[in-house]
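Student: This is the structure, below, for whatever I ask next.
The values are calculated or read from the model by the stated rules, or taken from the named source; none is laboratory data. Quick caveat: nothing in here was measured; it's all calculated off a predicted structure. Cβ placement follows ideal geometry from the backbone for every residue including glycine, while neighbour counts extend to all protein chains displayed.
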Amino acid sequence: MEKNKNYYAVLMAGGVGSRFWPVSTSDYPKQFHDMLGAGDTLLQKTFSRLNNFIPTENILILTNERYNELVLSQLPMISSNQVILEPVMRNTAPCILYAALKIKKMNPEGLMIVAPSDHWIEDEKAFENNVKSCFDKCEEEKAICTLGIKPTFPNTGFGYIEFDQTTPREEGSGLYVVKQFREKPDYETAKSFLSQGNFLWNAGIFIWSVRTILAAFKEFQTEQFNLFNAGYDTLNSPGEKDFIDKNYPKADNISIDYAILEKARSIFVLPATFDWNDLGTWGSLYHKLDKDKDGNAIVNGKVLSEDAEGNMIRLPKDKIAVIDGLKDYIIVDKEEVLMICPKSKEQSIKSILAEVKKRFGDQYT
């Protein structure tokens, strides 16, 4: 079946994923790794999921300049023009504005999805149907859509989307009106969100028409819009790089949530009908993986375990590890770094990383 030429995707692939250290490093972040031992990296898996219904040439990868070669080596089917390079890190609003202007120049009728490159979604058909429902809505009217994930526990690591229960879901599309986006809550607030029943996890997946998002930037981020729009004639041409290198560092360091979503009108959320995992920590990866009879999740290597259960174990390919007497630990062996850390302390991996950097140097981080 022919893919809709107005469908575009922007994959956010610039993060470092420091909570997955020592596998994820600043030189080789988690989106470029096969985190689940499934045969594809997270970036490759995300690309193919979108490529089921979006033309190959319409999928753009937003990343940092230093990852250009990594992207092109992992996605040989795309051209170098499809990799949008940030010369400096400036949060999500500037890079989304930059991508939207590039798409407008290719196709003013473009509809775009912005999605992280490192999430895990199993039911790809359900994902496609959900995105197409939002595309339809955005084609018909000036709407901004997002996919929300039904919470399964009071997670304090995600932002939440509060939707309006008094407004009925739209027939056909199943969309709700968004009341507001909420910051990452503390545990008690997260519990109250779940008990209210009209809160979804914010997965950072957004859908809109190019026209609508650019109009929102023009209204709510006028200075930023003017900064980038001044170089519109250079976009998708040899002059683009010079313009971006010179002007991108001047952009405000602001997220799309603060810049647009908290101010815009006509925002809708679709509760996702697919399983979703943000693969943000070793613990979330553990929950996603198959386990052995003792509840150990093992990626790549071979494990001989005795009195060891509930562990997240990642080893070099075919390496044998003997593990005795450990329960609920993260055990990651990677060339020059071995990390053995209780799962209960996974949130402190960022500070462990900082200490390693201070004591042993950047080459391990």
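Student: Does region 329-351 hold any residues that are buried (at least 16 other Cβ atoms within 10 Å of the Cβ) and either outside any strand (DSSP E or B) or in contact with a Lys or Arg (Cβ under 6 Å, 6 or more places away or on another chain) (or both), and which are they?
Tutor: Result: 330, 332, 343, 346, 349.
Student: Now for a different question. Could you tell me whether any residue of region 102-110 is among the aliphatic types (A, V, I, L, M), touching a residue at least 60 places away in the same chain (Cβ under 8 Å) and surrounded by fewer than 20 Cβ atoms within 10 Å (Cβ to Cβ)?
Tutor: The initial filter retains those residues of region 102-110 that are among the aliphatic types (A, V, I, L, M), namely 103, 106.
Filter once more, so that each one left must be touching a residue at least 60 places away in the same chain (Cβ under 8 Å): 103, 106.
Within this subset, residues satisfying the condition of being surrounded by fewer than 20 Cβ atoms within 10 Å (Cβ to Cβ) are 106.
The answer is yes; a qualifying residue exists.
Student: May I ask you to list pairs of residues, at least six apart or on different chains, whose Cβ atoms are under 8 Å apart, with the first in region 133-153 being more than 12 Å from residue 175 (Cα to Cα) and the second being modelled with pLDDT of 95 or more and surrounded by fewer than 16 Cβ atoms within 10 Å (Cβ to Cβ)?
Tutor: Listed pairs, sorted by first residue: 142/215.
Student: So which residues in region 287-314 are assigned to a loop (DSSP other than H, G, I, E, B) and over 25 Å from the mean Cα position of the chain (by Cα), if there are any at all?
Tutor: Those that are assigned to a loop (DSSP other than H, G, I, E, B) and over 25 Å from the mean Cα position of the chain (by Cα): 291, 292, 293, 294, 295, 296, 301, 307, 308, 310, 311.
Student: Among the residues of region 5-15, is there at least one that is over 29 Å from residue 315 (Cβ atoms), of a type in the set (Gly, Ala, Ser), touching a residue at least 40 places away in the same chain (Cβ under 8 Å) and crowded, with 18+ Cβ neighbours inside 10 Å?
Tutor: yes
Student: Mind checking which pairs have a first residue in region 192-220 that is of a type in the set (D, E, K, R) and a second that is surrounded by fewer than 16 Cβ atoms within 10 Å (Cβ to Cβ) and outside any helix (DSSP H, G or I), Cβ under 9 Å, 6 or more apart or different chains?
Tutor: From region 192-220, the pairs are 211/108; 211/109; 211/142; 219/263.
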